[in-house]
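Just dropping this structure here.
Laboratory data are not the source of any read-out in this text; all were calculated from the coordinates shown. Owing to the predicted nature of the structure, the values given are computational and were not obtained by experimental measurement. Note that we place each Cβ from the backbone using ideal geometry, even for glycine, and neighbour counts take in every protein chain shown.
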Ligand SMILES: [Fe+2]
Ligand SMILES: [Fe+2]
């Protein structure tokens, strides 16, 4: 997590960060279901997919292309990140989501938070932030899930793997 660079002061970055927290929390619940040998409820899976889809739209139509335009993200890395979105979604839909899937998700998020967010802060000016705001607003308008309250980020630490795998 980039707790030090100040990128959370930028609303689109704060929103994506809050969504990461929610996605990781919901994904961890699937890991625990798998570990307990049960299928997660349809509601749990649907809530995660709904959040993930909106989040991915924001990144693939907002953050990534804005970074690409300013050469803050290469074509190959962009393609890799988008492929990871597909792989993560497929793993959730397939069922049996386990800690390996969770770590792949967490690694993807870590790259975004440590590299992409910092680069955006360095490169973006008012125009790019306004463009991101527009994309996020459109995605939230179309979303079947409520906007994340990102004022609570620090109060809800993400789950960490514990104990007995
Ligand atoms: Fe992503
Ligand atoms: Fe993300």
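What ranking do 56, 111, 145 get, fewest neighbouring Cβ atoms within 10 angstrom at the top? If you can, show how the numbers build up before the last one.
Numbers: 56 21, 111 14, 145 18.
The most exposed by this proxy come first: 111, 145, 56.
Using a Förster radius of 41 Å, what is the FRET efficiency between residue 125 and residue 90 based on their Cβ-Cβ separation? Nearest 0.05, please. List each step's numbers first, then the result.
On the way: r = 36 Å, r/R0 = 0.89.
For residue 125 and residue 90, the calculated efficiency is 0.65.
If contacts are Cα pairs under 8 angstrom and at least 6 residues apart, what is the relative contact order of the range 8-145 in percent? Don't jump to the answer; show the numbers that get you there.
Working: 95 pairs, mean separation 53.2, N = 138.
Reported relative contact order: 39 percent.
Could you list 108, 136 so that the one with the fewest beta carbons within 10 Å of its beta carbon is first and the one with the most is last? All intermediate terms of the calculation are to be shown ahead of the outcome.
Details: 108 17, 136 23.
Ranking 108, 136 by Cβ neighbours within 10 Å, fewest first, gives 108, 136.
Stretched out fully, how many nm does the piece from residue 147 to residue 39 gain, at 0.36 nm a residue minus the Cα gap?
On the way: separation 108, 0.36 × 108 = 38.88 nm, distance 2.70 nm.
Roughly 36.2 nm would be gained on extension.
Quote to one decimal, in nm, the extra length available between residue 76 and residue 107 on full extension: 0.36 nm per residue of separation minus the C-alpha distance between them. It would help to have the intermediate numbers written out before the result.
On the way: separation 31, 0.36 × 31 = 11.16 nm, distance 1.71 nm.
So the chain would gain 9.4 nm between residue 76 and residue 107.
Using a Förster distance of 30 angstrom, determine the FRET efficiency expected from the C-beta separation of residue 46 and residue 11, and round it to 0.05. Can you show the working numbers first?
On the way: r = 27 Å, r/R0 = 0.90.
That pair, residue 46 with residue 11, gives E of 0.65.
Can you put 59, 141 in order, fewest other beta carbons within 10 Å first? Write down the numbers at each step before the final one.
Details: 59 21, 141 8.
Least crowded to most crowded, the residues run 141, 59.
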